[in-house]
Each structure stands twice: as C-alpha cells, then as structure tokens.
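Taking it in order: structure first as structure tokens, then the write-up.
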Amino acid sequence: MSRRVRIFLAFMILLGLWQGMALFIQNDIILPRPVHVLMTMLTQLREPLFYSAVIHTLIRICGGFLFAFFAALCFSFVTYFYPVFADLCYPFLLLTRSIPNISYILIVLFWCSPQTSVIVISFLILFPTLYATLYQGLCDVPQGYHDLMKIYPGSKCFDVFYVYLPFLRPYLFSSTSAGLSLALKVGIMAEILGQSAIGIGRQLNICRSNLDMGGVFAWTLWIICILSLLDRIISQLQKLAMWEKK
C-alpha cells in the first residue's frame, strides 16, 4: 500500500468519524455536517471579502515572519562569531521563550494598534525559536569546514555566503516552514483578540458571535489549506535548492 493510499484512507476515516458524530448530535451549532461546511467554503470563494481577509492576514504574518527571520539570522551569526554576546543575551532569550504566547498578545495589544500588533507579536514569538534553530545550525558546522577556512582564509562575508549559508540550507528551510505555521496561528489569534478590522481572525470572530459553527469550521479548513500550500511551496523550493547544490 503506497503512502498516498494510506493518507487517503486516514482522511476518509476522519471524514467518516466527523459525519457519524454530526449525525449523532444532530445540531449544526455544536458540530456541523461536512457537507454543510463544504457548501460554506464554496460560498466564501464567491465573496470578495474572503480574498481580502486572506490577503490582509498573510501580509501581516509574512511581515512579522520576515522581520523575525532576518533578525534571527543576523543575530545568530553575531553571537556565533562573538560568543560574549551569546552569553550576555542568553537571559533575555530564556525569558522570551518562557513567556506564554497569550501574554505576548495581551501586552502588545495595549501598546499597538490591532493591525501592527500582529506583526510585533509574530516577531516576539518567532525570533527566539528561529534564533535557536539557526544558532544550533552554525554550531553543527563540521570541523572540516573550519580547517578548510584556516587553510584558505577569507573575509567574514566570504565565509558567511559561501561556507555557512550553504551549510545552513536545511536549517533555513525547516525554520521557515515551522515559523510560518506558528506565525499564522499566533497572528490569527492576535487578530481575534485585537478585533482587527479585516482579516481571517475578524471573520472567525464574526462567525463566533453569530453562532455560525459552519463558518468557524470553514475558516479553520481554509487555514489548514493555506498552511499546506505554504509548506508545499517551501518543500519545492528546498528540493530546487538541493538540486542546484548538486
């Protein structure tokens, strides 16, 4: 049995369980039927507000992610080349990793507008995780690379672009995939709590207020689809990068 067949069977089992529970409960406010959710999703595709909400959310999420990613990448190189900075910043990084996500969201919402808060929150939550992954990747550089750089010495910029970054490719792609997934989840949570004027979080909030569980399930499935699409794009880019490396 191929992997695709196993995944399809698992999907059909989950769908069957969902349908069975919905038929048993017989209440769309508590658990809508799969057909009802599918019809809601198809209806949303015909509404301009759907595309506007998705685009606005993705812009905020990508903004916060890119800011955190490049900051973490630069900071990881600085602390790797100059370990004293790693020791000085360790308490700060430990503190940021220990603060619950919901606390970040509530604190930042007091300081920033709902739209800006999504970017700031994404940065604060993603930066420690991305930094830890990239810094660990630099620490895993084989000793042979260091010996080669001693034999053929070059500038720091040359070493970064032609030695360290090629080695970090798997770490860069894995951190991007995990970071975007976390950023989307946290960003939508921030939109809900901050009551953003437009975005996926706003639409989920409206569905909740209207007791539209079908809409909540529909938007949840759209979020899963977006995450799957982003993960697929990153996976293809990684394969392309590995092919070019060969």
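What to note about this one:
- Computed over protein heavy atoms with a 1.4 Å probe, the accessible surface of the chain works out to 60 Å² per residue.
- In the assembled protein chains, residue 150 presents an accessible area of approximately 150 Å² (probe radius 1.4 Å).
- Label-to-label distance, nm, for residues given as residue 5 and residue 147 (7 Å Cα→Cβ offset): 4.9 nm
- Entry note, the stretch 47-122: relative contact order of 48 percent, from Cα contacts under 8 Å with a spacing of 6+ residues.
- Within the accessible area of the chain, the carbon and sulfur atoms contribute 71%, probe 1.4 Å, all protein chains present.
- C-alpha center-to-center spacing [the stretch 175-246, the stretch 43-83] in angstrom: 11 Å
- Whole-number percent relative contact order across the chain, with pairs defined as alpha carbons under 8 Å at least 6 apart: 28 percent
- If you plug the beta carbon distance of residue 239 and residue 24 into 1/(1 + (r/R0)^6) with R0 = 41 Å, you get a FRET efficiency near 0.40.
- The loop-placed trypsin sites (Lys or Arg not before Pro) in the stretch 1-88, going by DSSP, that have at most 11 neighbouring Cβ atoms within 10 Å of their Cβ come out as 46.
- The chain, helix-only ellipticity at 222 nm - DSSP H runs n ≥ 4, -39,500 (n - 2.57), divided by all residues, nearest 500: -28000 deg cm²/dmol
- When only Cα pairs below 8 angstrom with a gap of at least 6 residues are kept, the stretch 102-200 shows a relative contact order of 46 percent.
The values are calculated or read from the model by the stated rules, or taken from the named source; none is laboratory data. Here the structure is a predicted model, which is why all the values come from computation and not from measurement. Reconstructed Cβ throughout: ideal geometry from the backbone, glycine too, with neighbour counts over all protein chains shown. Keep in mind that these areas ignore ligands, DNA and RNA; they rest on the heavy atoms of the full protein, side chains included. Shrake-Rupley method; radii C 1.70, N 1.55, O 1.52, S 1.80 Å.
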